[in-house]
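The values are calculated or read from the model by the stated rules, or taken from the named source; none is laboratory data. Predicted, not measured: the structure shown is a model, and the values here were computed from it. All Cβ positions, even for glycine, are placed from backbone atoms using ideal geometry, and neighbour counts span all protein chains on display. Side chains included, ligands, DNA and RNA excluded: accessible areas come from the protein's heavy atoms. Shrake-Rupley method; radii C 1.70, N 1.55, O 1.52, S 1.80 Å.
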Amino acid sequence: MQNEIICICDKLILKEIVGKVNAAEGFAVLADETTDIATKEQLTLCVRFIDNNNMVNESFLQFVIINSLTGNDLASAIINGLKSCGINCEYLIGQGYDGASNMSGKYKGVQAIVREEYPKAIYVHCAAHTLNLAVSKASNIQPIRNCLSIIEKLYDFFNTPKRNNVLLNCIKNANETPNAKTLKRLCATRWIQRYDAVNDFAELFPFLLFSYGLTLCKQLQKIRIDLKEAVELSNDVIKNLELIRANAEEEFHKLFLQAEVMASVFELELAVKRITKRQANRGNPCSDNANLDVEEYYRITIFIPYLEFFISELTERFFIPFIYF
């Protein structure tokens, strides 16, 4: 009986959403594929449209079980899924997917196949996924990549009941009580969400730069955001990052002081890595300067390159047109 009530509610809610979409006479489809806990491939089907109050609405329609990830099969699943809900696909004017080749490909991707049947359906690369790619690319700097790898290994080490209890007892008996109680796994696909894991690690370290992207990521996933606002928000972040870059010496000094405090807890000494005249595998600035300042070394080899990579990636991905005409 409970399942019957749930199914009735589902049909009533879906009918209301479909009525609003068809009444708007114009909508965009959003779709993404994921694997559930039973290892079944599911396609999440959503729509965005303008309601009678001229407000942007984003609504979930249904999950579609899929057996193939080719562009042709995914496109068929999307169109058939929309039609099965009762939506008039003649009103389809937009598509929003990630940047995977089977979704965004110009010839055999979902967006291209859908546009063959519905030419008005312009494809727009998901803005949140674009930000994720920018962070991922910027984080390829070796010291940052190594740091994240260590955090992931520490999570794996404490991810047992016995070791986790030891960590909890240390927190319980400490003079200070941190907000975080356990380490988080670094998200494999959503790089911007790694901020929480890094932040908790830093807080628990006594017993990085993702924060700017975190706020932008949450804004980009709002229901009523549009493409113009997404670009404007990313532009604001770029301006803030450029301001930090212009004042890199002062901004990094604040971070370096925090690093010194964390290092002093464990009686660690922050030092410059061994510098040689020929160094190919790590940063090697001012190789002739034997008395290179520690703070300057890490500012030049990590802080500034990350800022410049991040700014470059955001500028390229959000300001070069990414709509296929």
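Taking the charge dipole of region 8-124 about its Cα centre, with +1 at Lys and Arg Cβ atoms and -1 at Asp and Glu Cβ atoms, the residue from N67, G86, L43 reaching farthest to the positive side is G86.
Which links in K137/K239; K162/K184; K172/K254 stretch past 21 Å when you go from one Cα to the other?
Details: K137/K239 19 Å; K162/K184 17 Å; K172/K254 30 Å.
Pairs exceeding the cut-off: K172/K254.
Heavy-atom accessible surface of region 1-87, averaged per residue, reaches 62 Å², computed with a 1.4 Å probe.
Backbone amide hydrogens, once placed in the peptide plane, bring A121 within less than 5 Å of nothing, excluding anything fewer than 5 places away on its chain.
Charging the Cβ of each Asp and Glu at -1 and of each Lys and Arg at +1, and nothing else, the dipole of region 33-116 about its Cα centre rounds to 180 debye.
Excluding same-chain neighbours fewer than eight residues apart, the lysines reachable from K106 by a Cα-Cα span under 16 Å are K120.
Counting only protein chain heavy atoms and rolling a 1.4 Å probe, the accessible areas of S312, S68 rank, largest first, as S312, S68.
Cα-based count: Lys pairs in region 1-103 below 20 Å, eight or more positions apart or different chains? Show your work: numbers first, answer last.
Details: K11/K20; K11/K83; K15/K83; K20/K83.
For region 1-103, the number of qualifying lysine pairs is 4.
Working from label points 7 Å from Cα in the Cα-to-Cβ sense, the Q42 to T160 distance is 3.3 nm.
Calculated translational diffusion coefficient of region 49-115 (10 °C, 1.306 mPa s; Stokes-Einstein with Kirkwood radius over alpha-carbon pairs) equals 122 µm²/s.
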